[in-house]
Each structure stands twice: as structure tokens, then as C-alpha cells.
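One structure below.
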Amino acid sequence: DAKTTQPPSMDCAEGRAANLPCNHSTISGNEYVYWYRQIHSQGPQYIIHGLKNNETNEMASLIITEDRKSSTLILPHATLRDTAVYYCIVTSFGSGGSNYKLTFGKGTLLTVNP
Amino acid sequence: EAQVTQNPRYLITVTGKKLTVTCSQNMNHEYMSWYRQDPGLGLRQIYYSMNVEVTDKGDVPEGYKVSRKEKRNFPLILESPSPNQTSLYFCASIASGSYEQYFGPGTRLTVT
């Protein structure tokens, strides 16, 4: 699986958009970009994933560059409850007998300030 | 409510005393796995199971056992715990072919 690079920490004001970058310059054609977050020692929580196109769900938006070497997770209106470590993970796991292992790096600690 | 549950949530034990951490999911997921999380090392996979009676080693299986007799349950067994197994443990599950993996709330284990 491709490795990812994320800033160790970021701050965001409550109510503003939080933009979390991730570099994955060695991503392969069949690898997806996943984002998970972990709120203070709780179990990691799935946020969103994408392959090539930009994606949006009720939690966030994912913008993937055309060359797929980087991506940005956007939380449109950050709240205090969004303070967490955010992990960008690149993996090709899927069906057909493969291990659905997620390789978590150090992630980005996002602190949302009042 | 779709969820993965773990018990106990907190456990303090002594070296060599066998223990089991239970994991159960109510989503009929085929795949389940165990991770441990340690400061500076992130989450590392211990064991995983693709379905009932099918288990395999992850990255750090030494000192652990698992079983998958039923689809919903995937217990983690420490036959002879040692202090280096002090950690935060997470169970996870996902349906085959799906994308969203669900994690349990975690079990904080301390071995003295």
C-alpha cells in the first residue's frame, strides 16, 4: 500500500471550514484514498473514501487532484466535536479474499477552537 | 443500531493470567480483525478473519490467539499475558466488498 504524508497538527476556528491535506505520491491505479478519524482513544470512525473523483457525504468532502498524488479532506463547518486525529489511508483492499487491513500512520491532530 | 461491541472496556491483570477480550458485531459482517494501538506506533493489526473458521495472522500476532466459531463473535485470547501486551485494543468488522469498516470502542488492557 502507498504511504501517506500528513501535517502533524492543524487548528481551525469553530464554524469555519477545515481543510486537511494528504500527500500520496506513490499511489497506484487501483488504490483508494480513505479518511478515518479517531476522537481521543475512541475507535476510529470512517469518514469518506474516493478513487479519482471528488466525493461528498454528510460528514465531509474529499478532493483528489487529477494526478491522484494528493487529496484534501474538507469539513465544511467544523465544530468542537470534530477535534480528533484524522488519518489519510491509501489501500487497494476489497473483495476476493484480501485482508481488509488498514495501515494507520500518525495522522493530523485537528483542534477546533471556540 | 449497527455496532461493534467489546468487553471488557478496561482490564488490569497480572502477568501469566489468561484472559479473553470479546468482540461482537450485529451487522452480519464476514470480515473481522483485531488491532492494538500503542503511542508512537499507531494501530497495528494482530489477527483477522475472512469468515467463520477462517483466521490468519496480522502484523503482530505473537502472544495472541483468536477463534471464529460464529459469524458475529471474534474473541481475542491472551494465554499468558505479559507487560508488553499493555495496550489499547480495537476490534473491527466490514462486509465483504464494502468500504466502511466499523471499529469497536476499545479495550484498555494493563498487564502488571
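The values are calculated or read from the model by the stated rules, or taken from the named source; none is laboratory data. All figures in this text were calculated on a predicted structure; none of them were measured in a lab. Here the Cβ is made from the backbone with ideal geometry for all residues, glycine too, and neighbour counts use every protein chain on show. To get the accessible areas, we keep the full protein, side chains included, count just its heavy atoms, and leave off ligands, DNA and RNA. Shrake-Rupley method; radii C 1.70, N 1.55, O 1.52, S 1.80 Å.
A dipole drawn for the range A:50-114 from +1 and -1 charges on Cβ atoms has a positive end, and of A:VAL90, A:HIS77, A:MET59 the residue lying farthest that way is A:VAL90. Seen from a random direction on average, the alpha-carbon convex hull of the range B:65-112 projects onto 4.2 square nanometres. Rounded to the nearest whole Hz, the Karplus-based 3J(HN,Hα) values (6.51 cos²θ - 1.76 cosθ + 1.60, θ = phi - 60°) of the range B:71-87 follow the sequence 5, 7, 10, 8, x, 9, 10, 10, 5, 9, x, 10, x, 6, 9, 5, 5, with x at glycine and proline. Accessible area ranking (1.4 Å probe, heavy atoms, ligands and nucleic acids excluded), largest first, for B:SER96, B:SER49: B:SER96, B:SER49. Ignoring solvent entirely, what values of log10 I(q)/I(0) come out of the Debye formula for chain A at 0.12, 0.16, 0.22 Å⁻¹ when each Cα is a single scatterer? So the normalised log intensities work out to -0.39, -0.69, -1.26. Look at the alpha carbon pairs under 8 Å that are at least 6 residues apart: their mean separation over the length of chain A gives a relative contact order of 36 percent. A compact globular protein would have a Cα radius of gyration near 2.2 N^0.38 Å; the ratio found for the protein assembly as shown is 1.03. So, counting K/R as plus one and D/E as minus one, what does the shell of residues with Cβ under 12 Å around B:SER93 add up to? Taking every other residue near B:SER93 into account, the sum is +1. Between the range A:1-44 and the range B:28-61, what is the C-alpha centre distance in whole Å? Going from one Cα centre to the other spans 22 Å. Compactness of the range A:63-114, taken as the C-alpha radius of gyration over 2.2 N^0.38 Å, stands at 1.46. Taking a straight line from the alpha carbon of B:LYS69, these lysines sit under 22 Å away, with near neighbours fewer than eight places off in the same chain left out: A:LYS101, B:LYS18, B:LYS57. In the structure shown, the pairs A:LYS3/A:LYS52; A:LYS106/B:LYS71; A:LYS69/A:LYS106; A:LYS52/A:LYS106 are assessed against 21 Å; a Cα-Cα span above that value is assigned to A:LYS106/B:LYS71; A:LYS52/A:LYS106. With all projection directions averaged, the alpha carbon convex hull of the range A:18-72 covers 4.2 nm². Entry for the range A:1-43 at q = 0.14, 0.17, 0.28, 0.34 Å⁻¹: log10 I(q)/I(0) = -0.48, -0.67, -1.13, -1.24, Debye formula applied to identical alpha-carbon scatterers, no solvent contribution. Sequence-distant contacts, meaning Cα pairs under 8 Å at least 6 residues apart, place the relative contact order of chain B at 36 percent. Of the residues B:TYR48, B:TYR99, ranked by 1.4 Å probe accessible area with the largest first, the sequence reads B:TYR99, B:TYR48. At q = 0.10, 0.13, 0.26, 0.27 Å⁻¹, what log₁₀ I(q)/I(0) does the range B:1-81 have when each alpha carbon counts as one equal point scatterer in the Debye sum? Each listed q maps to, in turn, -0.24, -0.41, -1.39, -1.42. If you add up the charges near B:SER67, with Lys and Arg at +1 and Asp and Glu at -1, over every other residue whose beta carbon is less than 15 angstrom from its beta carbon, what do you get? Local net charge: +3.
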